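Below you'll find the structure, written out as C-alpha cells, and then a few comments.
The values are calculated or read from the model by the stated rules, or taken from the named source; none is laboratory data. From a predicted model like this one, the values you see are computed outputs, not experimental measurements. All Cβ positions, even for glycine, are placed from backbone atoms using ideal geometry, and neighbour counts span all protein chains on display. Protein only, heavy atoms only, side chains kept; ligands, DNA and RNA dropped before computing areas. Shrake-Rupley method; radii C 1.70, N 1.55, O 1.52, S 1.80 Å.
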Amino acid sequence: MTKPITTLLFDFDGTLLDTNELIIQTFLSVLGRHYPGRFSREEVLHFIGPSLKQTFETIDPERTEELIEEYRTLNKTLHDDLVAEYDGVPETMRLLKARGLKMAIVSTKRRETILHGLNLMGITDVFDVIIGLDQVNQPKPDPEPLELALELLGSTREEALMIGDNSHDIDGGKNAGVRTAGVAWSAKGEAFLASLEPDFMLQHISDLLDLTKEAVQ
C-alpha cells in the first residue's frame with residue numbers, strides 16, 4: 001500500500017520563485033562578455049537546473065571558478081529586479097505548513113541566496129530544512145541532498161515527494177527513491193518534464209493540497 005505524502009522536498013529556482021529571467025540574463029551577460037555570439041537565449045535555457053560548476057565546466061573547464069564568481073556577483077546585483085512570485089506559492093506553502101506537512105528546499109543554489117529569495121516572498125519560516133549547494137558534496141541529480149533533507153526531517157523516502165521544474169529534480173528524486181512531481185510552469189515546458197515521467201504533474205502549486213490530503217485525515 002502506498003503511504004500518504006507527509007514530506008515535501010522542493011526545488012527553488014523555477015519551482016517556488018520565478019528566477020528564470022534572472023538566470024537567463026545573467027548567463028547571457030557573462031557568456032556574451034567572454035564568448036561573444038556563441039550562446040543564444042535558447043541555448044542558455046539548458047543551463048537552468050544544473051549547478052554553476054556543472055554548467056561552466058562544460059563550457060570552459062580552466063575558467064570555471066572565475067566564471068562562477070562573475071556570475072554570482074552579477075546575479076546578486078540583478079536579483080531583486082528580475083525575480084517574480086508564482087501565483088499562489090506563499091499562500092499554498094502556509095496552508096501546507098498549517099496541515100503539519102514536513103517541508104524542505106533542496107536546491108543547486110547556495111543557502112544564502114535561497115534565504116534571500118524566501119525573505120522576499122515572506123515565507124522563510126515555512127521550511128523545516130534548507131539544503132543548499134554549499135551543504136553537500138554532490139548536487140542533484142545525485143541523491144545526497146535529498147537523503148540529507150530526509151534525514152534532517154526524520155522522514156522516510158516512502159512518504160516523500162520531490163517537486164521541481166527540471167531533469168535534475170525528477171532524476172534526483174528517482175535516484176533517492178522518492179515520488180516526484182513536475183511543475184507545468186517550467187521554463188522548459190510541460191512536455192519536456194512529462195518526458196521525464198514524474199509521478200505527478202502540477203498545473204498549479206495548490207494541486208499539492210489534494211496530493212497531501214490523505215496525510216491529514
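Overview of values
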item	result
Dipole in debye (nearest 20) - region 112-217, about Cα centre, beta carbon charges: Lys, Arg +1; Asp, Glu -1	180
Calculated Rg and Dmax of region 1-60 using C-alpha coordinates, Å	15.8, 55
Extension gain from E158 to D142, taking 0.36 nm per residue of separation minus the Cα-Cα distance	4.0 nm
Using a Förster distance of 30 Å, the FRET efficiency for L115-D210 (Cβ separation, nearest 0.05)	0.55
Lys pairs, region 82-217 - Cα-Cα below 17 angstrom, 8 or more residues apart or on other chains	4
Cα gyration tensor shape for region 79-217, rounded if a/c is under 1.5, else prolate or oblate	rounded
For region 1-107, with +1 on Lys and Arg beta carbons and -1 on Asp and Glu, the positive-most of S51, V30, S40 along the dipole	S51
Antiparallel bridges, percent of DSSP beta bridges restricted to the chain (to nearest 5)	10
Computed lengthening from I59 to A184, 0.36 nm per intervening residue step minus Cα-Cα distance	42.1 nm
Sequence-separation-based contact order of the chain, relative, with Cα cut under 8 Å and 6+ spacing, percent	26
Value of Rg to Rh for region 1-147 (Rh from inverse mean 1/r over Cα pairs, i.e. Kirkwood)	1.00
Pairwise FRET efficiency - E85 versus S40, Cβ, R0 = 22 Å, nearest 0.05	0.20
Relative contact order %, region 90-217, counting alpha carbon pairs below 8 Å whose residues are six or more apart	19
Dipole magnitude of region 162-217, debye to nearest 20 (Cβ charges: Lys/Arg +1, Asp/Glu -1, about Cα centre)	60
Within the chain: Cβ-based charge dipole about Cα centre, in debye rounded to nearest 20 (Lys, Arg +1; Asp, Glu -1)	240
Carbon/sulfur fraction of accessible area - region 1-136, other protein chains in place, 1.4 Å, %	50
Relative contact order (%) - region 15-82, alpha-carbon pairs under 8 angstrom, separation at least six	40
Å² per residue, accessible surface of region 19-74 at 1.4 Å	51
